[in-house]
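Below is one structure; the comments refer to it alone.
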Amino acid sequence: MRRLLAVGTAVLVTFGALTASSTAQVEQTPGGWVGSWAAAPAAGVPNTPGGYPNYSIRNVVHTSIGGSKARVRLSNTFGTGPLVFGHVTVAVAAAPGSPRAVPGSLRTLTFGGMSTVVVPAGAEVLSDPAPVRVPADADLLVTTFVPTPSGPVTYHPAAQQTSFFTRNGDFTAEESGASFTEQTTVWHYVSEVDVQGVAPGAVVTLGDSITDGVGSTPGANHRWPDYLSDRLHGRLGVLNAGISANRLLLDVPGSGAGRNALARFADDVLSVGGVRTLIVLEGINDIQQDPHQTDPQMIISALRQLVAQAKARGIRVIGATLTPFKGWQVYDETLERTREAVNTFIRTSGVYDGVADFDAAIRNPADPLAMQAAYDSGDHLHPNDAGYARMAAAVDLNRL
């Protein structure tokens, strides 16, 4: 379970239509806070026992909804000792994928009124509200400065987004971004941005690399949750809780695959800002990764538990069918039978509040066990931009 504090007194790794009336009927989330962006913490950066002392890291994150104030969640989930943030800022990016801030938009974040905060190992902190006008469907810059050695740096590996950093001290308040001369393709420390606005709640998408957007165009925000956000036009937040290589039943030691979906569920779904609906797309890695899970009932049991825990918190749940993977390097008939059995459960069990049939959306009509070529990134497991757009189009907005 995430330890979220209510605060008081080496080399960076580069690795149907929703109507106005339907939203008006939903009670506003307490305080008006709703998640606009999220990335699930996946692991500690390998070989960073001292952390990144004296680094300023400018994370580029893309909003789904806008608001008049913002607050930021920072993570030391995979740290082994106290982490000190000496200075943290948030700003609106002047251009997509740029480290330059819109003049006048940069704000110093505080934590219990203090600009410095200490985050124990395994914990996260939530900033005080910052008065910054956050646009929907735009890049924000969340910049952290860590003054002292800490421990393994919590990160999200498959960002599909370029961020920026410098090893030369505190440049968190620099609007021009000129000092951020080095680049990284992962997100460090930052795990969520909430906004205070008019959206009544958020949709969380729980999944693996297919939800993480592997195979999409980097920097283009073409993951399927991004396309879903585009369809919603800022009326609901969309938060991405995908982690590449993630599984339902097993952790993958020594990787960036994160904790299994059940172990991270409370942190990455139940605790995020204003969650009203969950879309679950998990299980293909349990099937195709070694050790292969060929008993569909094991996967189904885990899916049932995700649904039960979400519904116990009043969250509606949409089940997404597992997409085709014929042609992927380990594909065989035994694994395919497992996938089909899981999909039958998702479509027919009735435990979900709705179904997003991603399998039907992107499969090849002439060879239904395979992905349609127009939607395939080339590896026969991960869709491309067109495939992700097609998946998002299969979500019934009225179910959200």
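Some points to look at:
- Given (1) assigned to a strand (DSSP E or B); (2) under 27 Å from Phe111 (Cβ atoms), number of the condition Gly177 does not satisfy: (1)
- When Gly314 is tested against (1) more than 15 Å from Arg347 (Cα to Cα); (2) touching a Pro at 6+ places or on another chain (Cβ under 9 Å); (3) not hydrophobic (A, V, I, L, M, F, W, C), exactly one condition is not met: (2).
- In segment 318-336, the residues that are of a type in the set (A, V, I, L, M) and either open to solvent by 50 Å² or more (accessible area, probe 1.4 Å) or part of a loop (DSSP other than H, G, I, E, B) (or both): Leu322, Val330
- In segment 171-206, residue surrounded by the most Cβ atoms within 10 Å (Cβ to Cβ) [restricted to those that are of a type outside the set (Val, Ile, Thr) and within 23 Å of Ala123 (Cβ to Cβ)]: Asp194
- Filtering segment 367-382 to residues that are buried (at least 16 other Cβ atoms within 10 Å of the Cβ), more than 23 Å from the chain's Cα centre (by Cα) and of a type in the set (A, V, I, L, M) leaves Leu369, Ala370, Met371.
- Close Cβ contacts (under 9 Å, 6 or more residues apart or on different chains) running from residues in segment 361-382 that are in a loop (DSSP other than H, G, I, E, B) to residues that are charged (D, E, K, R) comprise Gln372/Arg363; Gln372/Arg390; Ser377/Asp385; His380/Lys326; His382/Asp376.
- Being of a type in the set (A, V, I, L, M), within 19 Å of Ser229 (Cβ to Cβ) and touching a Ser or Thr at 6+ places or on another chain (Cβ under 7 Å) is not true of Ala121.
- Within segment 337-351, the set of residues being in contact with a Pro (Cβ under 9 Å, 6 or more places away or on another chain) and either among the charged types (D, E, K, R) or part of a loop (DSSP other than H, G, I, E, B) (or both) comprises Arg337, Arg339, Glu340.
- Extreme residue, nearest to His380 (Cα to Cα), among residues of segment 285-302 that are part of a helix (DSSP H, G or I) and touching a helix residue (DSSP H, G or I) at 6+ places or on another chain (Cβ under 7 Å): Gln288
The values are calculated or read from the model by the stated rules, or taken from the named source; none is laboratory data. Remember, it's a predicted structure, so these values are computed and weren't measured experimentally. We place every Cβ from the backbone using ideal geometry, glycine too, and count neighbours over all the protein chains shown. Accessible surface areas use protein heavy atoms only, side chains included; no ligands, DNA or RNA. Shrake-Rupley method; radii C 1.70, N 1.55, O 1.52, S 1.80 Å.
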